[in-house]
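Quick notes on the structure that follows.
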Amino acid sequence: MSHKTNRPLTIAIDGYSSCGKSTLAKQLARELGYIFVDSGAMYRAVTLYFLESGTNINDLDEVAQALEKIKIRFENIDGINTTFLNDKNVESEIRSLVVSSAVSEVSAIPVVRKKLVALQRQMKGREGMVMDGRDIGTVVFPDAEVKIFITADPIIRAQRRYNELISKNQTADIHEVITNLAHRDKIDTEREDSPLRQAEDAWLLDNSHLTVTEQFDLVLNKVLEKDRELTSGAG
Ligand code: DC
C-alpha cells in the first residue's frame, strides 16, 4: 500500500463482462489497503452449486432450498483472492465456460440476488472497500463515494477473456467466448431485477485502448481527487 485516503471510501466498479473490472478493483484495493470483493465470483459460486446439485432453476422452491445450503467466503491465499463454496476452494471451477454459460440465467433470479446483495452489504466493514460487479453503484452501494462504469470493444474483451482462459490452462475456443460474452451482455442488461446500467453519478471509462497500468493510474488519480474533495468539503 502506498497511498492512503483520508477517509474509508466505497468504490463501486461496474460494467460489462471481461472488461477487466476485477483486475482494476484488486489493484486499487492493494494500493489503498482496502478490502476487495469480486461479486461476480459469488454469482458464479451459486451457479456452480446449482449445476453440481442438479437444482432446477425454474423451480423457485428448489432454488430457495438450495440457497439455504450455500455458504460463500473469500480467503487470501498467497496474495490471491480465493473463493470458497461450502469450505471448498472453487476459484478455478467457477471460471470455467460451463459456469460462465449458466451464470447470467442464475443471476437474473430475484431470490438469488436478494441473498447475495445482503451478503455483499455485510462485507463492508470499517475499512474502505472496492467491489466490482454489475449493480454495485446502482443497487448494492448507491451511496458509494466513487463509481466507475467500465466498457470496452466486445472483440477486445473476448480476446482478453480467451487469453486469460488459455493462460490458466483451460480449454477455450474464441468463437465460443464471443458468443458467451454476447449472451451474458444481453441477459445482464435486459433482466428485470437490477439490470446492468451506468449509475447517473458514475464515471464512464472505455478501456479498449488503455493498458492495465494506464487505466490504474487514471482511476487512482480520480479516487485520490475525490478523497481530497470530500476532505476539503468537510472543512
Ligand atoms: O463479473 P463476472 O463476469 O465474473 O460475473 C459473472 C456473472 O454474474 C455476470 O454474467 C452477471 C452476474 N453478476 C451480477 O448479476 N451482478 C453482480 N453484481 C456481479 C455479477
Selected residue [surrounded by 12 or more Cβ atoms within 10 Å (Cβ to Cβ), on the phi > 0 side of the Ramachandran plot and without any contact (Cβ under 8 Å) to a residue 60 or more places away in the chain] from Asn81, Asn86: Asn86
Just to be sure, is Asp59 at pLDDT below 95 and of a type in the set (Asp, Glu)? no
Could you say which residue among His175, His209 is more than 14 Å from the ligand (Cβ to nearest atom), closer than 19 Å to Gln27 by Cα and either touching a strand residue (DSSP E or B) at 6+ places or on another chain (Cβ under 8 Å) or not charged (D, E, K, R) (or both)? His209
Working only within the stretch 92-116, note down all residues that are closer than 17 Å to Gln170 by Cα, surrounded by fewer than 21 Cβ atoms within 10 Å (Cβ to Cβ) and near the ligand (Cβ under 9 Å from one of its atoms). Arg95, Val99
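Tell me yes or no: at least one residue of the stretch 186-200 is in contact with a His (Cβ under 7 Å, 6 or more places away or on another chain) and either in contact (Cβ under 8 Å) with a residue 60 or more places away in the chain or surrounded by fewer than 19 Cβ atoms within 10 Å (Cβ to Cβ) (or both). Give the derivation first.
Filtering the stretch 186-200 for residues in contact with a His (Cβ under 7 Å, 6 or more places away or on another chain) gives none.
No, because not a single residue in the stretch 186-200 is in contact with a His (Cβ under 7 Å, 6 or more places away or on another chain) and either in contact (Cβ under 8 Å) with a residue 60 or more places away in the chain or surrounded by fewer than 19 Cβ atoms within 10 Å (Cβ to Cβ) (or both).
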For a quick check of your reading of the model, give me the residue pairs whose first member lies in the stretch 15-30 and is more than 9 Å from the ligand (Cβ to nearest atom), whose second is open to solvent by 40 Å² or more (accessible area, probe 1.4 Å), with beta-carbon atoms closer than 8 Å and at least 6 apart or on different chains. Gly20/Arg160; Gly20/Val212; Thr23/Val212; Leu24/Val212; Gln27/Val212; Ala29/Ile35; Arg30/Met1
Which one is nearest to the chain's Cα centre (by Cα), of the residues in the stretch 117-126 that are loosely packed, with under 15 Cβ neighbours inside 10 Å and not in a helix (DSSP H, G or I)? Gly125
Being exposed (fewer than 11 other Cβ atoms within 10 Å of the Cβ) and under 15 Å from Ile109 (Cα atoms) is the filter; apply it to the stretch 54-67 and report the residue that is nearest to the chain's Cα centre (by Cα). Asn58
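Take Gln170 and decide whether it is more than 19 Å from Leu24 (Cα to Cα) and polar (S, T, N, Q).
yes
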Mind checking which helices (runs of 4 or more DSSP H) fall wholly inside the stretch 145-235 and carry at least 1 residues that are over 15 Å from Ser18 (Cβ atoms)? 174-190, 212-233
Selection from the stretch 133-144 of residues in a loop (DSSP other than H, G, I, E, B) and under 18 Å from Gln122 (Cβ atoms) yields Asp135, Phe141, Pro142, Asp143, Ala144
Top-ranked residue of the stretch 6-25 - restricted to ones that are at pLDDT below 95 and under 20 Å from Asp78 (Cα atoms), ranked as most open to solvent (accessible area, probe 1.4 Å): Thr23
Close pairs (6 angstrom Cβ cut-off, 6 or more residues apart or separate chains): of a type in the set (Phe, Trp, Tyr) in the stretch 216-235, open to solvent by less than 70 Å² (accessible area, probe 1.4 Å) anywhere: Phe216/Gln27
Leading residue by the ranking (farthest from the ligand (Cβ to nearest atom)) among those in the stretch 178-202 that are polar (S, T, N, Q) and touching a Ser or Thr at 6+ places or on another chain (Cβ under 8 Å): Asn180
Is it the case that some residue within the stretch 41-48 is among the basic types (Lys, Arg) and crowded, with 18+ Cβ neighbours inside 10 Å? yes
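The values are calculated or read from the model by the stated rules, or taken from the named source; none is laboratory data. On a predicted model such as this, the values are computed, not experimentally measured, just so you know. For neighbour counting, all protein chains shown are included, and Cβ atoms are generated from backbone atoms with ideal geometry for every residue, glycine included. Remember, those area values only see protein heavy atoms, side chains included, never the ligands or the DNA or RNA. Shrake-Rupley method; radii C 1.70, N 1.55, O 1.52, S 1.80 Å.
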